[in-house]
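Written out below as structure tokens is the structure these notes cover.
The values are calculated or read from the model by the stated rules, or taken from the named source; none is laboratory data. It should be emphasised that the depicted structure is a prediction, and the values quoted were computed from it without experimental measurement. Quick reminder, even Gly has a Cβ in these numbers, built from the backbone with ideal geometry, and neighbours come from all protein chains shown.
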Amino acid sequence: MQNIEDKIKIGHIKSIATKDKLAISDKLIDLFRMFNISALCLKNNMIKFKGYSVSDIISVLTLFPFMALSTVNSFMLSRFKQLIDAQKDTFFRLKNNEYYNWRNLLLLCGKRFNKLNARHDDHHADESSDEPQCLIFDDSLLRKVGMKIEFIGKVFDHVTKDWVLGFKLLLLAFWDGNSLIPLDFSYHAEKGNNKKYPFGLLKRQLTKRFSKPRSNDAAGYKRAQEVFVDKISNAIALIKRAVKHGFVPDYVLCDSWFSVKKLIKTVRQLKKGIIHFLGMVKMDKRRYEYQGQQLNAKELIKKLKPTMMKRAKKLKAYYIEVVVNYSDIGPVKLFLTRFSKRSKWRLILSTDLNLSFQQAMKIYNIRWTIEVLFKDCKQHLNLGKCQSNDFDAQIADTTISLLAYMMLSFHKKIHSYTTLGALFAQYRDEFIEATVAEKLWQLFITLQLTIAEILEIDCTKMIRVIFQLPEVNNMFKSLSKIFFEDNCSIEFKKAA
């Protein structure tokens, strides 16, 4: 397998950067080198024996957001097509390949992130964090517009309280104390209880959905089966897989939807109980044993509020802290809290009995980082934008978005950018600036050809005369700084 620089025209990437001390394009290439996608693809057995290597194509696909592109077709029509001579079918075949293990590739990149992070911290000991390491998972809605997409259906949007066409993305990420690393995910459809309209679709709509046979030993087959598995079971599988690959956290964090007994019990059984659970819990009818009584959350508040309620001044919150027994899980610590005397009570459960209320709130707030990840990936990195009918392509596209996030997160860490969005904007703007510059150049050449044709004079001589004018010469010298002079001269010769 050849290195990315051997086949992709890296010079063309560099041509769209400004001539700062360290060009934006150089930083992007450095990221590809550091993560060594080529070696990771080889290790993951993602190999092509003809044409462009898998790593070459993945690298180009990863650059799409920085080019303000979201689809292969838009790439083929753009100036960035010169990055690689491959035709669009090359990209489609890679994304639709059921045998490529995208899950393992993301996990391998996560491990690579950890190694790079460890090296960076060794050289910057003062920047190391004492924060606990956490596994965080949550789901997010991915809207779609194609009724023929494989496994497509209507899912419930908890924000708008409505059913919309799309998938639910369940994502697991690892917080290392400084950065959030996306590790694994699964897609989910919701069949619903209406037998007449399963997945919220008419029978004729169901029959028109794309489908393809998959071999039972293909990675794509296993991903397709997960669509119909409940999210709690898949969340448990994601956690077990991450721990098996060496991502052993201090805490597993989640919101109230996932805080069920089955998941909490599983977390406590991993690694001989060294991993704790910390999450928001619904104020439902589940009961906890306190002083020989079985009480639910509301009954606990009524009993303990007069004598045990405290106020945390820094957090501006009232809280009740109590240790209870929860089913067969054993002792857990409950934090019943509200932020004013009129607001609703909320319940946080921790299996770590040594946590104080302030510590529990600080650690639980780390869970917010996964919400930021969803926002950044959707806004900047094309997460959920894929409209391919093939489910394997949907998995590939999401993986590539998360790979781009991972690379930007590491770059943000070592270069101290305030936000990932600011870093992305700087990358993208350099690409867009180059696109505008080239269009201006092409417009200039077209204008000269048109004038020369109307006046019936030699175009080459006319352009030479124009460039002898000091004002024009200086203007195009400034313009040529944005992209390769070689590229300009080629276009000039073609036009002449």
Inspect all residues belonging to region 349-359 and state whether any of them is farther than 22 Å from ARG268 by Cα and surrounded by fewer than 19 Cβ atoms within 10 Å (Cβ to Cβ).
-> yes
Say whether the condition of being of a type in the set (D, E, K, R) and out of contact with any helix residue (DSSP H, G or I) (no Cβ under 9 Å at 6 or more places or on another chain) is met by at least one residue in region 356-368.
-> yes
When region 260-303 is examined, which residues are found to be surrounded by 19 or more Cβ atoms within 10 Å (Cβ to Cβ), in a strand (DSSP E or B) and more than 37 Å from the chain's Cα centre (by Cα)?
-> TYR288
Give the residue that is surrounded by the fewest Cβ atoms within 10 Å (Cβ to Cβ), with candidates limited to residues of region 360-399 that are of a type in the set (Lys, Arg) and within 20 Å of ASP184 (Cβ to Cβ).
-> LYS375
Unmet requirement for LEU201, which otherwise passes all of (1) surrounded by fewer than 16 Cβ atoms within 10 Å (Cβ to Cβ); (2) more than 21 Å from the chain's Cα centre (by Cα) | (1)
Residue list for region 247-285, restricted to those being closer than 21 Å to ARG338 by Cβ, touching a residue at least 40 places away in the same chain (Cβ under 8 Å) and in the same structural domain as VAL322 (by TED's automatic domain parsing) | LEU278, GLY279, MET280, VAL281, LYS282, MET283
Across (1) out of contact with any Leu (no Cβ under 8 Å at 6 or more places or on another chain); (2) modelled with pLDDT of 80 or more; (3) assigned to a helix (DSSP H, G or I), GLY11 clears everything bar (2)
Could you say which residue among LYS412, LYS314, LYS378 is of a type in the set (D, E, K, R), assigned to a loop (DSSP other than H, G, I, E, B) and modelled with pLDDT under 95?
-> LYS314
Lone qualifier among ARG204, ARG209 - being free of Cβ contacts under 8 Å to residues at least 12 places away in the same chain, among the basic types (Lys, Arg) and not in a strand (DSSP E or B) = ARG204
Taking helices (runs of 4 or more DSSP H) that fall entirely within region 53-121, which contain at least 1 residues that are surrounded by 20 or more Cβ atoms within 10 Å (Cβ to Cβ), in contact (Cβ under 8 Å) with a residue 24 or more places away in the chain and not aromatic (Phe, Trp, Tyr)?
-> 54-63, 88-96
Mind counting the residues in region 42-92 that are on the phi > 0 side of the Ramachandran plot and small (Gly, Ala, Ser)?
-> 2
Exactly one of (1) in a helix (DSSP H, G or I); (2) in contact with a Phe, Trp or Tyr (Cβ under 6 Å, 6 or more places away or on another chain); (3) not basic (Lys, Arg) is unmet by TRP368. Its number?
-> (2)
Which residue, of ARG241, ARG204, is in contact with a helix residue (DSSP H, G or I) (Cβ under 9 Å, 6 or more places away or on another chain), over 14 Å from SER140 (Cα atoms) and either modelled with pLDDT of 95 or more or not hydroxyl-bearing (Ser, Thr, Tyr) (or both)?
-> ARG241
Just a yes or no: is a residue in region 159-174 within 22 Å of the chain's Cα centre (by Cα), in a loop (DSSP other than H, G, I, E, B) and exposed (fewer than 14 other Cβ atoms within 10 Å of the Cβ)?
-> yes
